[in-house]
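Taking it in order: structure first as structure tokens, then the write-up.
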2 protein chains.
Amino acid sequence: MLCKICKAKGKREKAVIFIRHHKLALCKNHFLEWFEKQTLKTIKHFSMFNRGEKIGVAVSGGKDSLSLWQLLTEAGFETVGIHISLGIGKDNYSEKSLKLCEKLSEKLNRPLIVFDLKEEFGYTIEEIAKLSGRKDVCSVCGTFKRYLMNKIAIEENLSVVATGHNLDDESAVLLSNTIRWETGYLGRQYPVLSEREGFARKVKPFCFLTEKEIVSYAILKGIDFMETGCPNAKTATSPVYKQALAFLEHKMAGTKFRFYKEFLKKAKPLFEKEAKEEYNLTPCKICGMPTTANVCSVCRILEKIRGVNAKSGKN
Amino acid sequence: MLCKICKAKGKREKAVIFIRHHKLALCKNHFLEWFEKQTLKTIKHFSMFNRGEKIGVAVSGGKDSLSLWQLLTEAGFETVGIHISLGIGKDNYSEKSLKLCEKLSEKLNRPLIVFDLKEEFGYTIEEIAKLSGRKDVCSVCGTFKRYLMNKIAIEENLSVVATGHNLDDESAVLLSNTIRWETGYLGRQYPVLSEREGFARKVKPFCFLTEKEIVSYAILKGIDFMETGCPNAKTATSPVYKQALAFLEHKMAGTKFRFYKEFLKKAKPLFEKEAKEEYNLTPCKICGMPTTANVCSVCRILEKIRGVNAKSGKN
């Protein structure tokens, strides 16, 4: 297959990727150009951030977040990497992840902020989940990561945190919320979550790009990334929705893209009023971060497990 | 597995079916009782029809519509079967279908109205689709069946037409409308379509019962039905959505049921205003049935193919 853009210019260049839902075969250079353009278009369309802002990029060590960090930096944005080290020992998962983030930090010559859960709190994420009596590590991990990313952004005066969520992630979450008709969540699902008192803005510049496109970008850009997923991820239900969408995508190319895009355009506005619950945010009595309760959920979990261990004499 | 209801009464009776999403194992008698109760509950909940009304049952010869006819008749409703004979010759599909409807008509001692497309219009459904230049036979067939069912109901003074659409059908249509965010269709999808001038009420009493439950009912009731689907159905896209839902159902029992039920409760009201387009209905200049144009879509198709054949000397 030949690159469509080269062909239009009368040149013969072999395509390295075929983007099925856009019917687009592209060579390395034109793919990288297209990929960057798509990302910048999304940033502009949703007014995610401006040139003057300092952008925190939440980096896990995976293809999505590392690609995002490199792309934003090369596009001239002032970036800072933020990495939460979770202390997952299996296959040296957390250690390897941190190293890959540090490697890209050096390559891009941009600072990396590292928060080590075990060092700061005394427990790894798996210990926190276990001691607090939660079976679903992924849900506890999500709560801690969202909390810490926001806390670090606020402390470091970063007005915005960018995450590597891609089209496969966003459409799977959308399908999950739709199949259960979680009208409140549907009213909130959006590529931008505005800043409020105590909350940095959250943005997803890769929300219209597929996993396949991002992995291609990462490889063509020579980014070293974690090739295995988190060893705990098998407990999450999102793979089920990803598989259902992959099946629909296989049968009808472009399903994921249209499903998410049309949702934002036509359906999300209808759900919006369902999402507007009135709730008062007050500073958490322990950490000072905004919460609807007296003590925020992260501090509650930490208090609980510290209490448990104090009683059993471990702490 | 033992019947749950018999067990509760201290009896040991082998279950013939396990209804996974209700976690209910039932013997023959208790299953039939449960099935009838569910149907009557749906009829009552959505005010589908009352005892005094004469009900047209759209029968194709398949398990769903024939089971519905038998159930409604046995429950004491005054029913009339309506069958559209489409002239599908492959595997003698239409001939066999008609015979099965006639057989049940005799068994139930209820009248059957038969409309033969070839006799009345001069063409089978496949000829109509081909001559009118439509590749998708299923869509033309749907248009003709809806038109004729309504026309016959109006002519026969039947205030309501009941169809055998089941949970698998309804949830697949819902998924298809959702994946494409067809907000107008989503605002109209409901187990009851109210009557208006020139339109009989349309109801779906089996909308919460699965294919598996209905086929079990048909077999246990000794109903003879077409075991093969329509030979043209492979061109329809709904199997793709049915397969996607079957996958989700397999992974998370009850998905289809909750997806459809929660939609009706929580999401449909939000889409309703999207469905309220103002359109004026006037009688079709040819057949007199209500239409938004001068000539209704069925008459337009028939005029077109009669014109084509007149020109080519075939008619």
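Dipole size of chain A about its Cα centre, with +1 on Lys/Arg Cβ and -1 on Asp/Glu Cβ: approximately 1040 debye, rounded to the nearest 20.
Placing unit charges on each Cβ (+1 for Lys and Arg, -1 for Asp and Glu) gives chain A a dipole about its Cα centre, and among A:125, A:192, A:209 the Cα reaching farthest toward its positive end belongs to A:209. Selection among A:76, A:40, A:57 by position relative to the dipole of region A:2-86 gives A:40 as farthest towards the positive end (Cβ unit charges, Cα centre).
Just to be sure I understand: of the beta bridges DSSP finds with both ends in chain B, what percent are antiparallel, rounded to 5?
Close to 35 percent.
With the simple spin-label model, which puts each label point 7 Å out from Cα in the Cβ direction, the residue B:211 to residue A:292 separation comes to 4.1 nm. With its label point put 7 Å out from Cα toward Cβ, residue B:286 sits 7.5 nm from the same residue's point in the other copies, in order from shortest. For region B:190-248 and region A:116-167, what is the separation of their Cα centres, given in Å? A separation of 47 Å, based on Cα centres. Which shape class, rounded, prolate or oblate, goes with region B:107-260 when its Cα gyration tensor gives a ≥ b ≥ c as root eigenvalues, a/c under 1.5 marks rounded, and past that a/b bigger than b/c marks prolate? Because its axes are fairly even, with a/c under 1.5, region B:107-260 counts as rounded. Compute the Cα gyration tensor for the protein assembly as shown, then decide on rounded, prolate or oblate, letting a ≥ b ≥ c be the square roots of its eigenvalues: rounded whenever a/c is under 1.5, prolate when a/b is larger than b/c in the other cases, and oblate in all that remain. It comes out prolate by the Cα gyration axes. If only the Cβ of Lys and Arg carry +1 and only the Cβ of Asp and Glu carry -1, the dipole of the protein assembly as shown around its Cα centre is close to 460 debye.
Of the three principal axes defined by the Cα atoms of region A:22-154, the extents in descending order read 50, 33, 29 Å.
Taking all C-alpha pairs of chain A, those more than 27 Å from each other amount to 48 percent. Per-residue ellipticity at 222 nm, computed for chain B from helices alone with -39500 (n - 2.57) per DSSP H run of at least four residues, works out to -15000 deg cm²/dmol. Put the Cα centre of region A:38-64 next to the Cα centre of region B:46-83 and the gap is 59 Å. Residue B:299 sits among other residues whose Cβ lies under 12 Å from its own Cβ, and their net charge, with Lys and Arg +1 and Asp and Glu -1, is +4. Projecting the Cα atoms of B:159, B:104, B:29 onto the dipole axis of chain B, where Lys and Arg carry +1 and Asp and Glu carry -1 at the beta carbon, places B:29 farthest toward the positive end.
Rounded, prolate or oblate: which fits region B:163-213 when a ≥ b ≥ c are the square roots of the eigenvalues of the alpha-carbon gyration tensor, with rounded for a/c under 1.5 and prolate only if a/b beats b/c?
Oblate, since a/c reaches 1.5 and b/c is not below a/b.
For region B:157-298, the share of DSSP beta bridges that are antiparallel, to the nearest 5, is 60%. Compared with the dominant principal axis of the Cα atoms in chain A, helix A:28-45 is inclined by about 50°. Magnitude of the charge dipole for region A:12-157, about its Cα centre and with charges confined to Cβ atoms of Lys, Arg (+1) and Asp, Glu (-1), is about 760 debye. Placing a label point 7 Å from Cα along the Cα-to-Cβ axis, residue B:222 is separated from the same position in the other copies by 8.0 nm, shortest listed first.
Projecting 7 Å from Cα along the Cα-to-Cβ direction, the label point of residue A:102 sits 8.5 nm from its equivalents in the other copies, listed shortest first.
Secondary structure note: in the protein assembly as shown, about 35% of the DSSP beta bridges are antiparallel. Backbone amide hydrogens, once placed in the peptide plane, bring residue A:54 within less than 5 Å of A:159, excluding anything fewer than 5 places away on its chain. Site pair residue A:92 and residue A:23 shows an inter-label distance of 4.9 nm when each label is modelled 7 Å from Cα along Cα→Cβ. Taken along the Cα-to-beta-carbon direction at a fixed 7 Å, the label points for residue A:114 and residue B:44 span 6.7 nm.
Bear in mind that the values in this text are calculations on the coordinates, not laboratory data. What you see is a predicted model; the values in this text were computed from it and never measured. Note: ideal-geometry Cβ built from the backbone for every residue, glycine included; neighbour counts use all protein chains shown.
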